[in-house]
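Asks: Handing you this structure, nothing more for now.
The values are calculated or read from the model by the stated rules, or taken from the named source; none is laboratory data. Keep in mind it's a predicted model, so treat the numbers as computed, not measured. Don't worry about glycine lacking a Cβ; one is built from the backbone with ideal geometry, like all the others, and counts go over all protein chains shown.
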Amino acid sequence: MNRHILLLIYIFTIAITANAQSNLQLTGKIINAVSQEVVAHAHIGIGNQVTVLSNHKGEFQFRGLSSGTLNLDISHVAYQPHKISVDLVKDSIVQIYLIPKFNSLEEVNIEKISPTNQAHTLQADVRIESQGKNLADVLADIAGVNVLRTGNTIAKPMINGLYGNRIILLNQGTRHESQQWGLDHAPEIDPFGHGKISILKNAEALRYGADALAGLIVLEDAPIVQNKSLSGSINMGAHSNGKGGYLNSQIQGRKNHFSYRSGLTALKAGSLRTPDYIIGNTGKNELQGNVLVRYQRQKNDISIYASHFGTELGIFQGAHTATKEDIFARIAHGRPLETYDFSYSILTPKQRVSHQLAKLTYQYQIDDNSKIQTYYSIQQNHRREYDLRRVESDNTPMADMVLTTQQMEAVYQTSNTQVGIFGSTQVNNNTTGTGTTPIIPNFDNHNVAVFASHKVPYGRNYIELGVRYDYKYFDAAGYRFAYDQIAEDGSIPHFLLQDQRNFNNVSAVLGNTWRLTPELLWKSNLSLAWRAPSANELYSDGIHHGTGTYEIGNINLKSEKGLKWVNTFTYSNNWLHLNADIFGQRIADFIYSQPNPDSVRQTIRGTFPIFQYQQDNALFYGVDLQTAMQLNPSWSYDIAFSLVRARNVSQDSYLPYIPAERLQHAVKYQFASETPHTAYIKLKHQYQARQTRYEPNSDFAPPPPSYHTFDAIASSNWRLKAERSLGIVLSVENIFDTAYKDYLDRFRYYSHSIGRNTTLKINYTF
C-alpha cells in the first residue's frame, strides 16, 4: 500500500514539474544600441514556431514555453538582423540591443546633433559599396544630394540645389576651410578617414556656422575599439574604367588611458573612358593619411588629431581652346575633336592640391549632466593650377594659392542647453612668380561669433530654440584689370585694388518634434541663416583654369539672407521605413554665376566662356523622399526621389544649374545562411530627368536629355576566427555602357560622362 502511495506522489510531482517547465515566460525589451532608445515593431521569432512584435515601449513577451535553449531571430527594417540564444530554465527577462543600419561603424552615420534635426543616411552596405569614391559620390545615394562635376575627375556635393560655401563641412569637429568656392575645387577629404559621416539638410546647427543655407556635412571618427590594443583593417580595390585602384589600411587600439587610430590611403587611376572614346588627361593620384591620439582619465579628455590630403589630377585638355570659333565648334560637336590614347601621365592643364589639418581638443566633464569642450585647430590649403603655356618646359603654375586658417571654440553643454564662443582668422596669399594675375586677390578674413541653444522637452516631444551672432571683417588687396582703360595697342593696364568690408548679422532656429503615433514622427524646423559674399564672388577677374571659364566678380554684392522651413515626416513599422522632407527657402540677395552665351573672353592663353556673378532674390522649394522596405527576410527594396524648384523672384525667371528630378531605386536579395558567411546581390537603377526649367539662350548649350543607368552588385562576407572577417564586393556600374551627359557637369559642353566601370573590392578586418 505504501509503495502505491509513494508511486502516486512521484507521478504527481513529475506532472507538476513538467507542467511548470512547459509554462515558462520570456519577457524582454528591444533597445537601440547607439541611442539607447526603445525599438518598437521589431520582429522576435523562435525558429519557425511563433513570432511576436515589440510594443511602443520596445517590450515583448512569450508565454507557455518549455525549458531549454531558445534561438531568437530579431529583425527590423531599420536595424541589422540579430540572433541570440537564451537558456530558459525559469521565467526570464532579457534586453536585446540592435545596431541601426544607419549607425554601424562602416557606414555613413547620422549623429543626433539635436532632436529636431532633419538628417538622412546611407545604409552600411551602400557605404562599403562606395569605397574608393570621393566624398560627393559617397553621399549621392541620399535623396536631395546631387553631384556638381567639372569633368569626370572633380566632384562636389550639392544639397537641394545649393553648393560650395553654402554647405559647411565639419571635419573632426572643426570647419573644413579650403578654396571651396570653385566649382572645380572638390573637398579635400578622404572618406576612409572617417567612421561617421552625417548630413543634415538644414541650417539649424548654429554651433557650426551661420552660413549653412544648404546644410551641414559632419565627418567624425567612429568610437575606438576599447578591448584591444591592436585592431584594424586593410581595404583594397581595382576598377576597369581608368585602370586604377586604391589601398587603404587602418589600425587602432587602446592601452590603459591611451587610445589611438591611424590610417593611410593611396589611389591611382589613368585616363577615363566614355562608351565611345577616351577622355584625354583625366588621370589622378592621391595620398592621404591621418592619426589620432587620445588620453582619457577621470573627468579629463585630451586628443590630438592630424591629417594630410594630397592629390594631383588632370583636366581634360579639350576644354581649353584657342579661338572663339574653336570653342563654339567644340560645343556644337559635343565631343572631343581629338583622339586620345590611354595614359597614366598627368599633363597640363592639371591641379595639385594639398591640405593639412592639426587639432588639439580638451573636454572636462563637470558632472553627469554638464561639460566644457574646447579646441584649437590650424589648417593649410595649398592649391596649384597648371595650364598650357607657350614654354613647354615651364612647370610654373598659373595659380598658386595658400590659405591658412586658425580656429578656436569653447562650449559649455548640459543635456538641454549649450552656450559657446567661436573665433577664426584666415589668410589667403597668392604666391608670386606665376607670371599671371591671380583670379582672386590676397585677403584676410576674421570671424567672431557667440551662440546659444536650449531644448524644452514636453512628454515625448521637443521644442528647440537657438540664436547666433556673427561679426566678420574682410580685407582684400590685389591687382585687377582696368577694362575701361584699354590702351591703343590693345593692352589692358592693372590697378591696385584695396577693399575692406564688415559684415554682421543674427541667425536663429526654432524647431519642434511631434510623435503623432507610435509609427509616425513629424519634425518641423524654421531657420534664419546668412552668408557674406566670398572673395571670388566679389573680386574674380581671370581664367578659372580648372573649369575652363573666365569669371568676373561683382564688387557691389551684399550678404545673402535665407529663411528656410523644413518639415520631415518619418514613418516606421516592422517592414517599412519612410522619410519625406518638404522644404522651402527664400534667399534674399542670392548670389549666382550666370553664363553669358553672347560673349567670350580672348586671352593669350586661349578663348574662354564668360561667367559673371550677379545677385537677385530667389525661392527654392521641393521634396525629398527616401523609403526602405523589408519585403521578407530575403528581399528588400529601397527608393529615393528628389525634386527641387528654384526661381529668380526678382527677374521672374529660372536660375541656372538647378538639378532636375532624380529617381534612384534598388532591389536586394539577401541569401539565407546559418553560418558565419553572408552574401547578397543588388540591382540598382538611376533615372535623371532633363532640366526643362531654364531660360532659353541663357547658356552655351541647352540642358542634355534625360538618361537611365543600371548597376549590379554582388557582395560576400566571411566571419573568421579571432574576430576577423573577409569581405568581397564585385560591382558593375552603367551596365549597358550608356552614353549620356549630366546637366550639372561643367564639361558637358565638350564630352560625355564615363561609361561602364567594373570594380572589385576586398576588405579584411582584424
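Asks: State which residue is modelled with the lowest pLDDT when the search covers only segment 229-243 and only residues that are part of a loop (DSSP other than H, G, I, E, B) and either buried (at least 16 other Cβ atoms within 10 Å of the Cβ) or of a type in the set (A, V, I, L, M, F, W, C) (or both).
Replies: L230
Asks: Tell me the residue from I439, I463 that is surrounded by 14 or more Cβ atoms within 10 Å (Cβ to Cβ) and in contact with a helix residue (DSSP H, G or I) (Cβ under 9 Å, 6 or more places away or on another chain), please.
Replies: I439
Asks: Does segment 244-273 hold any residues that are in a loop (DSSP other than H, G, I, E, B) and modelled with pLDDT of 95 or more, and which are they?
Replies: G270, S271
Asks: Sticking with this structure for a sec: Considering only segment 481-537, state which residues are among the polar types (S, T, N, Q) and either in a loop (DSSP other than H, G, I, E, B) or touching a His at 6+ places or on another chain (Cβ under 7 Å) (or both).
Replies: Once the filter is applied, which keeps residues that are among the polar types (S, T, N, Q) and either in a loop (DSSP other than H, G, I, E, B) or touching a His at 6+ places or on another chain (Cβ under 7 Å) (or both), segment 481-537 yields S491, T517, S534.
Asks: Of K83, K90, which residue is modelled with pLDDT of 80 or more, outside the structural domain of D221 (by TED's automatic domain parsing) and part of a strand (DSSP E or B)?
Replies: Criteria check complete, one pass: K83.
Asks: Has segment 386-404 got any residue that is under 30 Å from A306 (Cβ atoms), modelled with pLDDT of 95 or more, among the charged types (D, E, K, R) and not in a loop (DSSP other than H, G, I, E, B)?
Replies: No, the conditions are met nowhere in segment 386-404.
Asks: Across segment 274-288, what is the total count of residues that are in a strand (DSSP E or B) and in contact with a helix residue (DSSP H, G or I) (Cβ under 9 Å, 6 or more places away or on another chain)?
Replies: Within segment 274-288, residues that are in a strand (DSSP E or B) and in contact with a helix residue (DSSP H, G or I) (Cβ under 9 Å, 6 or more places away or on another chain) number 2.
Asks: Further question: Which of the residues that make up segment 478-499 are closer than 22 Å to S534 by Cβ, among the aliphatic types (A, V, I, L, M) and either over 44 Å from the mean Cα position of the chain (by Cα) or surrounded by 12 or more Cβ atoms within 10 Å (Cβ to Cβ) (or both)?
Replies: Result: L497, single match.
Listed here are the residues, each with its yes/no results for (1) more than 29 Å from N381 (Cα to Cα); (2) surrounded by fewer than 20 Cβ atoms within 10 Å (Cβ to Cβ).
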position	(1), (2)
S259	no, no
D276	yes, yes
N285	no, yes
I302	no, yes
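Asks: At least 1 residues that are hydroxyl-bearing (S, T, Y) and either surrounded by 18 or more Cβ atoms within 10 Å (Cβ to Cβ) or free of Cβ contacts under 8 Å to residues at least 40 places away in the same chain (or both) in each: list the strands (runs of 3 or more DSSP E) lying fully within segment 538-593 that qualify.
Replies: Per the criteria, 549-552, 560-572.
Asks: Moving on. Conditions first: (1) within 23 Å of T405 (Cα to Cα); (2) touching a helix residue (DSSP H, G or I) at 6+ places or on another chain (Cβ under 8 Å); (3) in a loop (DSSP other than H, G, I, E, B). P157 passes all but one, so which condition is the exception?
Replies: With respect to (1) within 23 Å of T405 (Cα to Cα); (2) touching a helix residue (DSSP H, G or I) at 6+ places or on another chain (Cβ under 8 Å); (3) in a loop (DSSP other than H, G, I, E, B), P157 is out only on (3).
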